[in-house]
Amino acid sequence: MTILRLRGFEIHKGRLDAAAQQEIFAAVRAVVRKAPLFRPDTPYGRKMSVQMSAAGRYGWFSDRNGYRYVNEHPSGGAWPEIPPSVLKVWDQLTGLARQPECCLINYYGPEARMGLHQDKDEADFDFPVVSISLGDDGLLRIGNASRGGRTESLWLQSGDVVLMGGAARLTYHGIDRIRPGSSTLLPKGGRLNLTLRVVE
């Protein structure tokens, strides 16, 4: 395993071996059976290209009223619990007693992407965000503390884990594209990104 540092992002390349990836993927599939993937609307009325679900006390949601955390799936049911195999990654990387209250699940199909954004809907930015990549490669772009300026990019592969904390906690970042067919983990292809967040 190699640890890279880019603009404060701590990128653990190959952190999860094949068995760990399979275990987490199976757990995510169980979550999605209870809380199916959906495509939120942006506040501007356009559908996001990424499909989402969540586990934990809260899920992240977006519509014409803005971005926010909610305690129910759009169908009205509570979000499933965060799987132990996912929490294990949080515990090992952060060493924190505090547990995340949300595991946001993003599924990227062949044409999906995520524009540059900050994770700033949480109450306390002192806690890091932990990001787990599964499936096809995704091109991560990292910007700055404010919009604009030079950016840097690198490919994330299945099993990579990123820790975003400290000064990097509010750095703009996004996924420009995925590389279809670069992984066989997901039977139908695509990329899963799990982000663990302390919300309250």
Subject >> Residue count, segment 18-47 (criterion: over 17 Å from residue 83 (Cβ atoms) and touching a residue at least 24 places away in the same chain (Cβ under 8 Å)) >> reply: 3
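Considering only segment 102-133, how many residues are of a type in the set (A, V, I, L, M, F, W, C) and assigned to a loop (DSSP other than H, G, I, E, B)?
Residues meeting the conditions: 4.
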**OP:** Run down 99, 21 and say which single residue is assigned to a loop (DSSP other than H, G, I, E, B), within 17 Å of the chain's Cα centre (by Cα) and over 20 Å from residue 173 (Cβ atoms).
**Re:** 99
Original post:
Which of the residues that make up segment 60-96 are closer than 28 Å to residue 145 by Cα, part of a loop (DSSP other than H, G, I, E, B) and charged (D, E, K, R)?
Top reply: 64
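Quickly run through segment 147-162 and pick out the residues that are under 18 Å from residue 117 (Cβ atoms) and either under 16 Å from the mean Cα position of the chain (by Cα) or touching a residue at least 60 places away in the same chain (Cβ under 8 Å) (or both).
152, 154, 156, 162
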Original post:
Take the residues of segment 24-50 that are in a helix (DSSP H, G or I) and among the charged types (D, E, K, R): which is nearest to the chain's Cα centre (by Cα)?
Top reply: 29
Original post:
Can you tell me which residues in segment 136-177 are part of a loop (DSSP other than H, G, I, E, B), more than 14 Å from residue 192 (Cα to Cα) and among the charged types (D, E, K, R)?
Top reply: 147, 150
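Coordinate-derived values only; no laboratory data. Since the model is a prediction, treat every value here as computed from it, not as a measurement. Heads up, the Cβs are rebuilt from the backbone with ideal geometry, glycines too, and the neighbour counts pull from every protein chain shown.
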